[in-house]
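Structure first, then comments.
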C-alpha cells in the first residue's frame, strides 16, 4: 500500500515539475527565482499585487529611469527594481526593457501604464470622496415638497445648500398626499 502511494506521489511530482518547466520558461532562466515562484504560479499563494507596486511602476515608466524614480519616491534603487520585477513576474509580461542608459517601455508596458494611471486616479478619487463624506462635504439630500407653496422657498434653499456643500446632489420629489390635502384645503367649503 505504501509503495503504491510513493509511486503515485513520485509520478505526480515529476509531472508537476515537467509542466512547470514547460509553462514557465521565464523562471527557468532565472534559477534563484524558480522555487520562490512555484507557489505563486499554481495558486497556493494568492495574488500579492498592491497599489504601491502600481505607483512604483508608474514612477519608473514616467521617469524612464530607476535612479530618478527611486529618488522621487525616496526609496532605494535596488528595492524599487525588485518591486517592479516582482510586478512583472506576477503579471507574466516584461513591461520594460532595461539598459545602462535607462528604461524603455514595451508595447505591453505602454498599455499597462495607461491602465495604471486610470486605476490610481480612480483610487485617489475614491479616497477623497470617502473623506469628504466623513467631513460632511459630500452626500445626498432628499427633499419632499408640495409644489404650490414651495415655489418661492425651495429654489433659493437648494441653491444655498449647493453652495455650502459643493460635492452634493439633491433629489426633489413631489408628495402626492400633500398635493391632495392642499387641493382639498383650497377648495370652497361647499364642495367639501
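Working only within region 90-119, note down all residues that are within 18 Å of residue 67 (Cα to Cα) and either part of a helix (DSSP H, G or I) or within 20 Å of the chain's Cα centre (by Cα) (or both).
Listed by number, the list holds a single entry, 95.
Can you give me the number of residues within region 76-89 that are within 22 Å of residue 121 (Cα to Cα) and either surrounded by fewer than 19 Cβ atoms within 10 Å (Cβ to Cβ) or within 20 Å of the chain's Cα centre (by Cα) (or both)?
Residues meeting the conditions: 4.
For residues that are under 15 Å from residue 108 (Cα atoms) and touching a strand residue (DSSP E or B) at 6+ places or on another chain (Cβ under 8 Å), tally how many sit in region 65-87. Explain how you work it out, then say what you get.
As a first pass, look at region 65-87 and keep what is under 15 Å from residue 108 (Cα atoms): 84-85, 87.
This time we only want the ones that are touching a strand residue (DSSP E or B) at 6+ places or on another chain (Cβ under 8 Å), so: 84.
Selection size over region 65-87: 1.
Considering each of 121, 129 in turn, give the residue that is touching a strand residue (DSSP E or B) at 6+ places or on another chain (Cβ under 9 Å), surrounded by 10 or more Cβ atoms within 10 Å (Cβ to Cβ) and modelled with pLDDT of 80 or more.
Just one listed residue meets the conditions, 129.
Residues of region 144-171 being at pLDDT 75 or above and in a strand (DSSP E or B), which ones?
Selection gives nothing.
Does residue 103 satisfy being at pLDDT below 95 and surrounded by 19 or more Cβ atoms within 10 Å (Cβ to Cβ)?
Yes: the conditions hold for residue 103.
Out of all the residues in region 58-75, is one or more farther than 30 Å from residue 171 by Cβ and surrounded by fewer than 13 Cβ atoms within 10 Å (Cβ to Cβ)?
Yes, region 58-75 contains at least one residue that is farther than 30 Å from residue 171 by Cβ and surrounded by fewer than 13 Cβ atoms within 10 Å (Cβ to Cβ).
Hey, can you tell me all the residues within region 71-85 that are part of a helix (DSSP H, G or I) and touching a helix residue (DSSP H, G or I) at 6+ places or on another chain (Cβ under 7 Å)?
Listed by number, the residues that qualify are 72, 73, 77, 80, 81, 83, 84.
The values are calculated or read from the model by the stated rules, or taken from the named source; none is laboratory data. Note that the coordinates shown come from a computational prediction; the quantities given were computed from them, not determined experimentally. Positions of Cβ are generated from backbone atoms using ideal geometry, with glycine treated the same way; all protein chains shown enter the neighbour counts.
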